[in-house]
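What follows is one structure encoded as structure tokens, with my remarks underneath.
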Amino acid sequence: MDKVVEAVEEVKKEWGEAYVRTQEHIKAIEEYGKSREEKNSLPRLNGLAQDGLALLNSLQFKLDLLAPQLPAIDSVESAKSLLESWKTLSQNLRMRLRNANLQARANLKKAAQEERELLLGGGEESTIRRRNLQTKAGMTSAAESITESLRRTRQLMVQEVERSANTLMTVEESTGVLTKAESEYKGHRSLLMRTRSLLSTMRRQDVIDRIIIAVGFILFSCAVLYVFSKRIGLLKLQRKVTAALKAGMAGQAEIGVRGNQEGINIPHVVDNVIANLDLPLDRPMHDEL
């Protein structure tokens, strides 16, 4: 069985016993004054009844704290309904205690009236009765003072016990909260460590990517410079060849003019000294670059 369920059952048992005892004390208060030989005084009976009511309130408080901790919803609802019935019964006991004190006062008043009539009657019986009353009054006064002191001490002890129980429950709740916070902290700590390792990996990858980009850019720049230099060299060579051809054609024309003026026959020079080759048009051309 669950510990909470066992605690609730124990509270129910204690409350039933305390309720029966309190009813007995209240009934004794109602009957007080009807008998000439009373075992307990009225203040003592009232103190016992008040202690019983205080114990009932303490047990109700315990049930109120334990009810939300029950495992089943039906058990929680049943405990709450039982707590409401306990509150109603406690209120009824308080009303009965008030009415019992009124009845006890009436009984005492009636008994005092009968005692007065008996004392005023005279005779030896009246004298003995007066002496017994004086002795009994002194003893009753001393017993009442002791009982009242004990009742106050017990009330203080009950209050201290309740305060200690509340403090203990508060400490247990705080311990649970601290345990939960510690577990959450451990989870966040592992998450932070994983995040830190991921950040370190990303930093290393960023450095590697920058190195790769820089090397690629350098290689690309070298290739561009190489191609550009080759292109510039070919253009210069083409310009030189064109200038040389133009210079050669101009020299032949000047020689022809001079030979005609001086009557010298100059043979015809064919410009295209390279044989005309019949090559197919779809033959691929290869660039030397």
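Here are a few things to note about the model shown:
- Computed accessible area, H25, all protein chains, 1.4 angstrom probe, square angstrom: 50
- Qualifying GluC sites (Glu not before Pro) in region 1-79, where qualification requires a DSSP coil assignment and no more than 13 other C-beta atoms within 10 Å, comprise E37.
- When the pairs K13/K180; K13/K186; K3/K87; K27/K80; K13/K110; K87/K110 are compared against a 32 Å limit on Cα-Cα distance, K13/K180; K13/K186; K13/K110; K87/K110 fall above it.
- Length gained on full extension, V177 to E9: 57.8 nm, using 0.36 nm per residue less the C-alpha separation.
- Restricting the trypsin sites (Lys or Arg not before Pro) of region 65-97 to loop positions (DSSP other than H, G, I, E, B) with no more than 11 neighbouring Cβ atoms within 10 Å leaves nothing.
- One chain, two ends: R210 and T242. Fully extended at 0.36 nm per residue, the span grows by 6.7 nm beyond their Cα-Cα distance.
- Measuring only protein heavy atoms, the 1.4 Å probe finds S174 accessible over about 60 Å².
- The alpha-carbon of K240 sits under 28 angstrom from the alpha-carbons of these lysines, leaving out residues fewer than 8 places away in its chain: K230.
The values are calculated or read from the model by the stated rules, or taken from the named source; none is laboratory data. Keep in mind that this is a model prediction, so the values were computed, not measured. Positions of Cβ are generated from backbone atoms using ideal geometry, with glycine treated the same way; all protein chains shown enter the neighbour counts. We work out accessible area using only protein heavy atoms, side chains counted, and drop any ligands, DNA or RNA first. Shrake-Rupley method; radii C 1.70, N 1.55, O 1.52, S 1.80 Å.
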